[in-house]
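The values are calculated or read from the model by the stated rules, or taken from the named source; none is laboratory data. As the structure is a prediction and not an experimental result, all values here were calculated from the model. We place every Cβ from the backbone using ideal geometry, glycine too, and count neighbours over all the protein chains shown.
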Amino acid sequence: MSIEISHLGYTYNPKSPYEKRALDDVTLSIKEGDFVAIVGQTGSGKSTLVQHLNGLIKHTEGKMRVFDIDLDVRRPDYKRLRFAVGMVFQYPEYQLFADTVAKDVAFGPKNAGVEKEQIQARVEDALRAVGLDVAEISERSPFELSGGQKRRVALAGVIAMQPKVLVLDEPTAGLDPEGKKDVLALVRTLHQSVCPTVIMVSHDMEAVAEVCSRVVVMQEGKVLYDTTPAELFEKEEESLQRMGLAIPEAVAIANRLRERGWTLPAVLTPADLAAAIVATVKGGSL
């Protein structure tokens, strides 16, 4: 297993008027190679959960292990943990600060003590991994770039740490449809070729349907569902709607057609839906 979480709990501001129970008895296993979405309403505990994964929040209840790093010991190896788990926050382009792209991407490895010769190689590899031209962009100011390029540079800064697990917090937030499509394609590529395990926090059910193989739904600090996107969207539409989570449009259309007598397989994306409709019409199974 990559990540083992057992009976994890967390309370903000304990024993104060502002006490808030954020996580309550969360048990979860994430295997190497998983692409997991963590979804839920605002305040459901999903961000608190993922911030435990690289020690941004130190857990106080339950047990945690990330690869061979035991977080239950008195002094966990947080430095090694932050190499293993790369965190990309919402709107990461706002965290750019250096005067060149290369310096920005090199910041993490440099502060982690990576040797100078290795840092240059990591910077170049990371920029290529996110689809940027090293020669064209390295010495440019990150503040002169387009919004999409900035987001890629910020992602390259995390990739340069060579994490085993990549955590993405709302990676499609604020993007137009074309930008969202590009980011999801990039994330899928990174999962396949750079970082084998990806955890994505999202409200965007279309994005979840597009790239994730597993979805964990949180409510009031607890894990409510842990299943595949197809199973969740097909069987729990009303439950998700009550939580304020809209299922993908393609799934909603497929569900309405089934209610009218169509025999359709599970679909997740518009392409799936189109193919299913064509096959059903041609097969005469209406």
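Numbers for the structure displayed
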{"read-out": "Filter pass, ALA274 being surrounded by fewer than 17 Cβ atoms within 10 Å (Cβ to Cβ), under 24 Å from VAL183 (Cα atoms) and small (Gly, Ala, Ser)", "value": "yes"}
{"read-out": "Residue satisfying all of: in the stretch 208-239; crowded, with 21+ Cβ neighbours inside 10 Å and free of Cβ contacts under 8 Å to residues at least 60 places away in the same chain; nearest to PRO270 (Cα to Cα) among these", "value": "GLU210"}
{"read-out": "Identity of the residue in the stretch 26-62, more than 24 Å from GLY108 (Cβ to Cβ) and of a type in the set (Ser, Thr, Tyr), that ends up surrounded by the fewest Cβ atoms within 10 Å (Cβ to Cβ)", "value": "THR42"}
{"read-out": "The stretch 1-18, residues that are out of contact with any strand residue (DSSP E or B) (no Cβ under 6 Å at 6 or more places or on another chain) and polar (S, T, N, Q)", "value": "ASN13, SER16"}
{"read-out": "Residue that is farthest from GLY131 (Cα to Cα) [pool: residues in the stretch 174-185 that are surrounded by 14 or more Cβ atoms within 10 Å (Cβ to Cβ) and not basic (Lys, Arg)]", "value": "LEU175"}
{"read-out": "Hits in the stretch 31-54 (condition: under 13 Å from the mean Cα position of the chain (by Cα), not charged (D, E, K, R) and not in a loop (DSSP other than H, G, I, E, B))", "value": "PHE35, VAL36, ALA37, ILE38, VAL39, SER47, LEU49, VAL50, GLN51"}
{"read-out": "Pair list, Cβ under 7 Å, 6 or more apart: the stretch 124-147 residue in contact (Cβ under 8 Å) with a residue 12 or more places away in the chain and at positive phi, other residue of a type in the set (A, V, I, L, M, F, W, C) and not in a loop (DSSP other than H, G, I, E, B)", "value": "GLY131/LEU186"}
{"read-out": "Unmet requirement for LEU166, which otherwise passes all of (1) touching a Cys at 6+ places or on another chain (Cβ under 7 Å); (2) assigned to a helix (DSSP H, G or I)", "value": "(2)"}
{"read-out": "Residue identified as more than 21 Å from the chain's Cα centre (by Cα), of a type in the set (A, V, I, L, M, F, W, C), modelled with pLDDT of 90 or more and in a helix (DSSP H, G or I) among VAL123, VAL105, VAL158, VAL153", "value": "VAL123"}
{"read-out": "Members of the stretch 240-262 found to be closer than 26 Å to THR42 by Cβ and surrounded by 14 or more Cβ atoms within 10 Å (Cβ to Cβ), listed by number", "value": "LEU240, MET243, LEU245, ALA246, ILE247, PRO248, GLU249, ALA250, VAL251, ALA252, ASN255"}
{"read-out": "Unique match (being within 20 Å of LEU81 (Cα to Cα) and of a type in the set (Lys, Arg)) among LYS180, LYS164", "value": "LYS164"}
{"read-out": "Top-ranked residue of the stretch 98-107 - restricted to ones that are in contact (Cβ under 8 Å) with a residue 24 or more places away in the chain and out of contact with any helix residue (DSSP H, G or I) (no Cβ under 6 Å at 6 or more places or on another chain), ranked as farthest from LEU166 (Cα to Cα)", "value": "ASP99"}
{"read-out": "Qualifying positions in the stretch 63-86 - touching a residue at least 24 places away in the same chain (Cβ under 8 Å), aliphatic (A, V, I, L, M) and out of contact with any Leu (no Cβ under 7 Å at 6 or more places or on another chain)", "value": "LEU81, ALA84"}
{"read-out": "Failed criterion for ARG65 (all others in (1) surrounded by 14 or more Cβ atoms within 10 Å (Cβ to Cβ); (2) in a loop (DSSP other than H, G, I, E, B) hold)", "value": "(2)"}
{"read-out": "Wholly enclosed helices (runs of 4 or more DSSP H) of the stretch 171-286 bearing at least 2 residues out of contact with any Lys or Arg (no Cβ under 6 Å at 6 or more places or on another chain) and closer than 29 Å to GLN51 by Cα", "value": "177-193, 205-211, 229-235, 237-242"}
{"read-out": "Some residue of the stretch 111-118 being charged (D, E, K, R), in contact (Cβ under 8 Å) with a residue 24 or more places away in the chain and loosely packed, with under 14 Cβ neighbours inside 10 Å", "value": "no"}
